[in-house]
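Data first, discussion second: the structure below is written as structure tokens.
The values are calculated or read from the model by the stated rules, or taken from the named source; none is laboratory data. It should be emphasised that the depicted structure is a prediction, and the values quoted were computed from it without experimental measurement. Don't worry about glycine lacking a Cβ; one is built from the backbone with ideal geometry, like all the others, and counts go over all protein chains shown.
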């Protein structure tokens, strides 16, 4: 018997059209992702009190069946006396009756011992999801996030119930996704279906095996190996287990047998220029310490390897493979050559009193051990697990941009005629951030050619979509409407090609909010998914901050922008993070701080026009006429003819009061009406 049945909350699916939306519903409830309640006109009807939301969620999950009052209080007020808990429930029901009055109907029916929702005019996403079948797979799109993710923490008993219900939903949706996968025969269709399956159920090894085999059938061995590593990382982190013998058997068919000292070894693998992405390993950290610190040396290598798995262009060798070479001269000998590493990340741990000093360095194994990046962390030794998480996050966030720049220089040194799609992408990336118009347009050609050479590569298409978005944002698009359409098309394609690519999801969200001004809920869901896949990607934090600010959630947006900066404080693209934080600061009327960030961002990269727009608005509110005149002149050199009308029409700010702050600042700074 599962947790739902123990609580007396057996569910019953509701009748809805195949599209999943009951057109005559007075109330539409989303329990997947952030909970929401909408009336027929789209008005927000979500109860103000979180415990009342919990009551509504329990009743909606069980609808149309009644739920015992004692079962509800046991879930939401498990630590209170019975009468006190019942009084709290009565208060929650009173708030739900207020909701009924807004709807003009009786939503909650109460008896002495039970409560029940009227299901006749109610639509609930989890019940609509139950209608998904292999012939009607579109309903799986309702899985926009974890079940009741924003109600975790209300009560330990309620948390346990949420986990049980989430598992039931995952099992049901995964069964449909697995059936869809079983119907596919072409490698690309198999990849798309299998990726959807492991998004729904990340521990579904059958899905991972299908991904590995499909990549192998397409000759993409590196991608197949990366899929195995991703599967192993998830199983290790969530279930504390390892892949099954069936999954290991698929891996064995991809890789040569394990090394034996007495075996004859073949030649080293193909050079990295012939492969897609780069290969990296993290060595166990060096330390003379024992006990917990010795465990930290191994744990850091594992944690950093897992975190690096979120960057799709990096292929990883398990730390155990490096540990097996302990005692052999680093980078020398056949066993090292067989690994075919491009980069090795290593480090050391030292103690000084109550402090630990952890040094990390990234070495280019193809260039006589050239150190590409290094970092040093001095931290108290009182919480080693938290320390491990913090250093892993900071390390991977900082080496990603360092690697991109390093590899772009290396790719540019090779003859253009020999460039692979991967190298064309790398050549283009620096120009995207330099924002020199001539170089920027040349980068667009490089990305177009890269996408043509690799039509199924999600990360390449993500960068190409980003290029189109910035082209519109800079005012350089000859036909803004066509460029906006192209940005949207390519961004959507990038996500469909690689739904697990956090950068692709972030770019798609950015295009939807900044360029297309689409539904905020839609874009926020994309950003949340990207951050769940790779919480160490600063770009994902920055663009999600912009979307939250466009929605009016400025404090939350500022916190996300600060997280991007915190993860990579010396990022070569830090001007973009400063520009991101300027938006919520401007909307919060913190004009001095917004202006300071605008000046810093403009100093780092004077070519980004949106920086000058935000800075100009802040200066207008601060009545700094002389400085505003200089900034306005710089802006108009970048975007000749830019006016207040253009600012208002192009702005993605949703709230009237926010748009007023932005445009009014520009007006006070002397920008023409237009």
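Structure notes:
- Whichever residue in segment 235-249 is at pLDDT 80 or above and assigned to a helix (DSSP H, G or I) and, among such residues, is nearest to the chain's Cα centre (by Cα): 235
- Screening the candidates 144, 183, 213 for the property of being over 28 Å from residue 60 (Cβ atoms) and outside the structural domain of residue 248 (by TED's automatic domain parsing) yields one hit, 183.
Rundown of residues vs (1) modelled with pLDDT of 80 or more; (2) under 18 Å from residue 461 (Cα atoms), yes/no style:
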position: 380; (1), (2): yes, no
position: 384; (1), (2): no, no
position: 393; (1), (2): yes, no
position: 418; (1), (2): no, no
position: 422; (1), (2): yes, yes
position: 431; (1), (2): yes, yes
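- Listed conditions (1) under 22 Å from residue 432 (Cα atoms); (2) in a helix (DSSP H, G or I) are all met by residue 595, apart from (1).
- With respect to the conditions (1) assigned to a helix (DSSP H, G or I); (2) under 17 Å from residue 358 (Cβ atoms); (3) at pLDDT below 75, residue 290 falls short on a single one, namely (1).
- Hey, residue 600 crowded, with 22+ Cβ neighbours inside 10 Å and either in contact (Cβ under 8 Å) with a residue 60 or more places away in the chain or part of a helix (DSSP H, G or I) (or both) or not: no
- Filter result for residue 409 (at pLDDT 80 or above, out of contact with any strand residue (DSSP E or B) (no Cβ under 9 Å at 6 or more places or on another chain), on the phi < 0 side of the Ramachandran plot and exposed (fewer than 15 other Cβ atoms within 10 Å of the Cβ)): yes
- Being assigned by TED's automatic domain parsing to the domain that holds residue 105, at pLDDT below 90 and in contact with a strand residue (DSSP E or B) (Cβ under 9 Å, 6 or more places away or on another chain) is a property that holds for residue 9.
- Look at (1) surrounded by fewer than 19 Cβ atoms within 10 Å (Cβ to Cβ); (2) assigned to a loop (DSSP other than H, G, I, E, B); (3) in contact with a helix residue (DSSP H, G or I) (Cβ under 8 Å, 6 or more places away or on another chain) and you find that residue 219 fails only one, number (3).
- Within segment 617-649, the residues that satisfy the criterion of being free of Cβ contacts under 8 Å to residues at least 12 places away in the same chain and under 24 Å from residue 593 (Cα atoms) are 626, 627, 630, 633, 636.
- Matching entry among 144, 168, 163 (being at pLDDT below 85 and either touching a helix residue (DSSP H, G or I) at 6+ places or on another chain (Cβ under 8 Å) or within 21 Å of residue 526 (Cα to Cα) (or both)): 144
- Scoring residue 404 on the criteria (1) part of a helix (DSSP H, G or I); (2) at pLDDT 85 or above leaves a single failure, condition (2).
- Conditions (1) in the same structural domain as residue 224 (by TED's automatic domain parsing); (2) surrounded by fewer than 17 Cβ atoms within 10 Å (Cβ to Cβ): number failed by residue 160: (1)
- Positions within segment 146-156 being surrounded by fewer than 18 Cβ atoms within 10 Å (Cβ to Cβ) and either at negative phi or outside any loop (DSSP other than H, G, I, E, B) (or both), in sequence order: 149, 150, 152, 156
- Qualifying residue in segment 519-539 (condition: touching a helix residue (DSSP H, G or I) at 6+ places or on another chain (Cβ under 7 Å), under 20 Å from residue 149 (Cα atoms), part of a helix (DSSP H, G or I) and free of Cβ contacts under 8 Å to residues at least 12 places away in the same chain): yes
- Strands (runs of 3 or more DSSP E) lying entirely in segment 62-135 (those with 1 or more residues that are over 30 Å from residue 184 (Cβ atoms) and without any contact (Cβ under 8 Å) to a residue 60 or more places away in the chain): 108-110, 114-117
- Matching residues in segment 643-674 - criterion: being more than 25 Å from residue 523 (Cβ to Cβ) and part of a loop (DSSP other than H, G, I, E, B): 643, 669, 670, 671, 672, 673, 674
- Among the numbered conditions (1) in a loop (DSSP other than H, G, I, E, B); (2) closer than 27 Å to residue 134 by Cα; (3) without any contact (Cβ under 8 Å) to a residue 12 or more places away in the chain, the only one that residue 203 does not meet is (3).
- Qualifying residues in segment 603-642 (those that are within 31 Å of the chain's Cα centre (by Cα) and not in a helix (DSSP H, G or I)) - the one nearest to residue 660 (Cα to Cα): 608
- Within the option set 178, 210, 182, being crowded, with 19+ Cβ neighbours inside 10 Å, out of contact with any strand residue (DSSP E or B) (no Cβ under 9 Å at 6 or more places or on another chain) and at pLDDT below 90 holds for one residue only, 178.
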